[in-house]
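S.K.: So that we are looking at the same thing, I have put the structure below in structure tokens.
The values are calculated or read from the model by the stated rules, or taken from the named source; none is laboratory data. Keep in mind the model is a prediction, meaning the values are calculated, not measured. Cβ coordinates were reconstructed from backbone atoms using ideal geometry, including for glycine residues, and neighbour counts include every protein chain displayed.
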Amino acid sequence: MVSASANREFFNQQLALQSTKEENSVTTEFDMSGKVALVTGASSGFGVHFSKILAARGAKVVVAARRIERLEALVAEITAAGGKALAVEMDVADSESIAQGFDAAEAAFGTVTVVSNNAGVADVKSSLKTDEASWDKVVDTNLKGVWLVANEAAKRLVDAGLAGSIVNTASILGLRVASGQASYSASKAGVIQLTKALALEWSRKNIRVNALCPGYFLTEMTAPLLEIPQGKAFIDATPAKRFGEMDEMTAPFLLLASDAGSFVNGVALPVDGAHSIGNMH
């Protein structure tokens, strides 16, 4: 029979061990050292922010988009700050372009182990005024592009026998809808379901797939809201009565991208100041 004093000693040892783990995790939980990250849509918005965050935490970052001059400026900024980055021109709706981008990433830094899927477009108009070409552009970029990039990354991770993390940028409009956003909402809802399907399929391959569902943040895509008469009224009607700030995406993104979220898989995480659970305007 184990004595009470022995039980207390064991309990105290476990507390000390847990305390040590927690102290160590404070400095290492968001550490991206040794990771190779590829960020699509890296010429603006969340893509720029996530690229800088990843580089600042030690990842080698491949920034990908169609606007190469912006990517080169971003690489220069990251390099000047002491990080490592590479610019690759990529069209996420073109599988050949994606493969070439991953080839360039591997040649420079090794196998990509973290993917941030951000490339996205919107066409705000009623469905009756949306033509087929506009619909295809939104869905091909926002949904097909996410699948193509994720698939390319997963194939290479499996071939290399490595674990990985894929973070897809969806939207609260994938969780609920707003007027004039049929193609965008459909594409982002697709991203959320795709995220869950791939998480389930790739979990045993040690590849996590999660999605962020941002509310309204001030980016190139949302800036036009402030230029229309209804814009200020729209923002005032949201629960937080403001746009989100980029820094408010940092911790949610790093949780999903880093080893801190090693048991988080198949999640669609809203970051929206309660907008998705309030009244939609």
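S.K.: Of the conditions (1) in a helix (DSSP H, G or I); (2) under 17 Å from residue 35 (Cα atoms), residue 134 clears all except one; give me its number.
M.R.: For residue 134, the failing item is (2).
S.K.: Looking at (1) in a loop (DSSP other than H, G, I, E, B); (2) more than 29 Å from residue 272 (Cβ to Cβ); (3) touching a Ser or Thr at 6+ places or on another chain (Cβ under 9 Å); (4) touching a residue at least 60 places away in the same chain (Cβ under 8 Å), can you tell me which one residue 162 breaks?
M.R.: (4)
S.K.: Any residue in the range 125-149 that is farther than 13 Å from residue 93 by Cβ and free of Cβ contacts under 8 Å to residues at least 60 places away in the same chain sitting within a Cβ distance under 7 Å of a residue that is acidic (Asp, Glu) and surrounded by 12 or more Cβ atoms within 10 Å (Cβ to Cβ)? List the pairs, counting only those 6 or more apart or interchain.
M.R.: Taking only residues 6 or more apart or on different chains, the pairs are 130/123; 134/123.
This table checks each residue for (1) within 20 Å of residue 111 (Cα to Cα); (2) touching a Gly at 6+ places or on another chain (Cβ under 8 Å).
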| position | (1), (2) |
| --- | --- |
| 157 | yes, yes |
| 172 | no, yes |
| 189 | no, yes |
| 193 | no, no |
| 198 | yes, no |
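S.K.: So, in the range 76-128, how many residues would count as being part of a helix (DSSP H, G or I) and either touching a helix residue (DSSP H, G or I) at 6+ places or on another chain (Cβ under 7 Å) or closer than 18 Å to residue 187 by Cβ (or both)? Steps first, answer last, please.
M.R.: From the range 76-128, those part of a helix (DSSP H, G or I) are 76-80, 95-109, 127-128; that's our starting set.
When the remaining residues are screened for being either touching a helix residue (DSSP H, G or I) at 6+ places or on another chain (Cβ under 7 Å) or closer than 18 Å to residue 187 by Cβ (or both), the result is 78, 95, 98-99, 102, 127.
Residues that pass the stated criteria total 6.
S.K.: Separate question: Any residue in the range 42-52 that is under 18 Å from the mean Cα position of the chain (by Cα), in a helix (DSSP H, G or I) and modelled with pLDDT under 95?
M.R.: Narrowing the range 42-52 to residues under 18 Å from the mean Cα position of the chain (by Cα): 42-52.
When the remaining residues are screened for being in a helix (DSSP H, G or I), the result is 45-52.
Checking the rest, the ones that are also modelled with pLDDT under 95 come to 45.
Scanning the range 42-52, I find at least one residue that is under 18 Å from the mean Cα position of the chain (by Cα), in a helix (DSSP H, G or I) and modelled with pLDDT under 95, so the answer is yes.
S.K.: Sticking with this structure for a sec: If you scan the range 231-281, which residues turn out to be outside any helix (DSSP H, G or I), of a type in the set (D, E, K, R) and free of Cβ contacts under 8 Å to residues at least 12 places away in the same chain? Before the answer, list the steps.
M.R.: At the first step, the residues of the range 231-281 found to be outside any helix (DSSP H, G or I) are 238-245, 258, 262-274, 278-281.
Of the ones still in play, those that are also of a type in the set (D, E, K, R) are 241-242, 245, 272.
241 - this is the single residue of the range 231-281 that is outside any helix (DSSP H, G or I), of a type in the set (D, E, K, R) and free of Cβ contacts under 8 Å to residues at least 12 places away in the same chain.
S.K.: Kindly list, by first and then second residue, each pair from a residue in the range 205-216 that is buried (at least 24 other Cβ atoms within 10 Å of the Cβ) to a residue that is in a strand (DSSP E or B) and at pLDDT below 95, limited to pairs with Cβ atoms under 7 Å and residues at least 6 apart or on different chains.
M.R.: 214/244
S.K.: Further, regarding this structure: Answer yes or no as to whether residue 170 is modelled with pLDDT of 90 or more and over 26 Å from residue 152 (Cα atoms).
M.R.: Working: modelled with pLDDT of 90 or more: yes; over 26 Å from residue 152 (Cα atoms): no.
When the stated conditions are applied, residue 170 does not pass them.
S.K.: Here are the criteria: (1) free of Cβ contacts under 8 Å to residues at least 24 places away in the same chain; (2) small (Gly, Ala, Ser); (3) in contact with a Lys or Arg (Cβ under 9 Å, 6 or more places away or on another chain). Tell me which single one residue 171 does not satisfy.
M.R.: Result: residue 171 passes all but (1).
S.K.: Specify the residue that is surrounded by the fewest Cβ atoms within 10 Å (Cβ to Cβ); the eligible residues are those in the range 220-254 that are under 18 Å from the mean Cα position of the chain (by Cα) and hydrophobic (A, V, I, L, M, F, W, C).
M.R.: From the range 220-254, those under 18 Å from the mean Cα position of the chain (by Cα) are 220-222, 244-254; that's our starting set.
Add one more test, that the residue is hydrophobic (A, V, I, L, M, F, W, C), and what stays is 221, 246, 249, 251, 253-254.
Working: 221: 19, 246: 17, 249: 19, 251: 13, 253: 23, 254: 20.
Among residues in the range 220-254 that are under 18 Å from the mean Cα position of the chain (by Cα) and hydrophobic (A, V, I, L, M, F, W, C), the one surrounded by the fewest Cβ atoms within 10 Å (Cβ to Cβ) is 251.
S.K.: So, one more: Hey, can you tell me all the residues within the range 176-232 that are over 26 Å from residue 127 (Cα atoms) and in contact with an Asp or Glu (Cβ under 6 Å, 6 or more places away or on another chain)?
M.R.: The answer is none; no residue qualifies.
S.K.: Suppose the filter is farther than 23 Å from residue 115 by Cα and part of a helix (DSSP H, G or I); does residue 186 pass it?
M.R.: Working: farther than 23 Å from residue 115 by Cα: no; part of a helix (DSSP H, G or I): yes.
Answer is no for this residue.
S.K.: So in the range 169-186, with the set limited to residues that are over 15 Å from the mean Cα position of the chain (by Cα) and among the hydrophobic types (A, V, I, L, M, F, W, C), which one is surrounded by the fewest Cβ atoms within 10 Å (Cβ to Cβ)? Steps first, please.
M.R.: Pass one, the range 169-186, residues over 15 Å from the mean Cα position of the chain (by Cα): 173, 175-186.
Still in the list and also among the hydrophobic types (A, V, I, L, M, F, W, C): 173, 175, 177-178, 182, 186.
Working: 173: 22, 175: 18, 177: 16, 178: 14, 182: 19, 186: 18.
Selected residue: 178.
S.K.: Let me ask something additional. Take the residues in the range 117-163 that are more than 19 Å from residue 193 (Cβ to Cβ) and hydroxyl-bearing (Ser, Thr, Tyr), then tell me which one is surrounded by the fewest Cβ atoms within 10 Å (Cβ to Cβ).
M.R.: Looking at residues that are more than 19 Å from residue 193 (Cβ to Cβ) and hydroxyl-bearing (Ser, Thr, Tyr), I get 126.
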